[in-house]
Amino acid sequence: MAAPIIITTRPVEDAARDITDLGKKGITALAAPMLEIHPLLDVDLPHPRGFDGMVLTSRHAAAMITDSNWHDQPCYCVGASTAIAAKEVGFQQIITGPGDGKGLVARILQDNRQSVCWPSAVDTGFNMAEALKPHGVSALRLPVYKAA
């Protein structure tokens, strides 16, 4: 019986990273990119005043935060690769979550945040704003890219 092969359909750069990481674990992987990341034009982030921080559930969103006014604010990142992307664009206070949205919600609540900005994809698998709402935390969702 042949060893299983994992096929990654993520964007080219992500697929390459997946193949490298899986290869280090002895897992054969094949890239078949089916997605491209398209930044949305004319997206203006609000001023950070009035927010307790930023929430990033995607490294692609992190790469689009060019407003340095935000870089001194706490930045809650869903996982390690998003945290690395946040650091690369200049964030100084990075809080890394466990790799999923639900775990990141717990971390935001632990820090007693009341209002956050959430740059995201147009389509998301986890709705951070809806997850925080029952806890009294306001999350301004701002789509900054589309995965197509």
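Of everything in the range 69-86 that is free of Cβ contacts under 8 Å to residues at least 24 places away in the same chain and of a type in the set (A, V, I, L, M), the residue that is nearest to GLY53 (Cα to Cα) is ALA83. I'd like the full set of residues that are part of a helix (DSSP H, G or I) and acidic (Asp, Glu), limited to the range 83-109. Once the filter is applied, which keeps residues that are part of a helix (DSSP H, G or I) and acidic (Asp, Glu), the range 83-109 yields only GLU88.
For the range 63-82, a residue qualifies if it is assigned to a loop (DSSP other than H, G, I, E, B), in contact with a strand residue (DSSP E or B) (Cβ under 8 Å, 6 or more places away or on another chain) and not acidic (Asp, Glu), and the qualifying residues are MET64, ILE65, GLN73, VAL78, GLY79.
Could you check the range 99-140 and list, in sequence order, the residues that are surrounded by 16 or more Cβ atoms within 10 Å (Cβ to Cβ) and under 30 Å from VAL12 (Cα atoms)? GLY101, LEU104, VAL105, CYS117, TRP118, PRO119, SER120, ALA121, THR124, MET128, ALA129, LEU140, listed by residue number. Looking only at the range 23-52, residues that are crowded, with 18+ Cβ neighbours inside 10 Å, in a loop (DSSP other than H, G, I, E, B) and not acidic (Asp, Glu) come to 2 in all.
So, in the range 87-137, of the ones that are of a type in the set (Phe, Trp, Tyr) and within 13 Å of the chain's Cα centre (by Cα), which residue ends up nearest to GLY53 (Cα to Cα)?
Residues of the range 87-137 of a type in the set (Phe, Trp, Tyr): 91, 118, 126.
Now drop any that are not within 13 Å of the chain's Cα centre (by Cα), which leaves 118, 126.
On the way: TRP118: 9, PHE126: 19 Å.
Across the range 87-137, the extreme among qualifying residues is TRP118.
Condition check: modelled with pLDDT of 95 or more, touching a Phe, Trp or Tyr at 6+ places or on another chain (Cβ under 8 Å) and not in a loop (DSSP other than H, G, I, E, B). Does VAL55 satisfy that? Can you show your working first?
On the way: modelled with pLDDT of 95 or more: yes; touching a Phe, Trp or Tyr at 6+ places or on another chain (Cβ under 8 Å): yes; not in a loop (DSSP other than H, G, I, E, B): yes.
It is true that VAL55 is modelled with pLDDT of 95 or more, touching a Phe, Trp or Tyr at 6+ places or on another chain (Cβ under 8 Å) and not in a loop (DSSP other than H, G, I, E, B).
The values are calculated or read from the model by the stated rules, or taken from the named source; none is laboratory data. No experiment lies behind these values; they were computed from the predicted model shown. Glycine also receives a Cβ, built like all others from the backbone with ideal geometry; neighbour counts cover every protein chain displayed.
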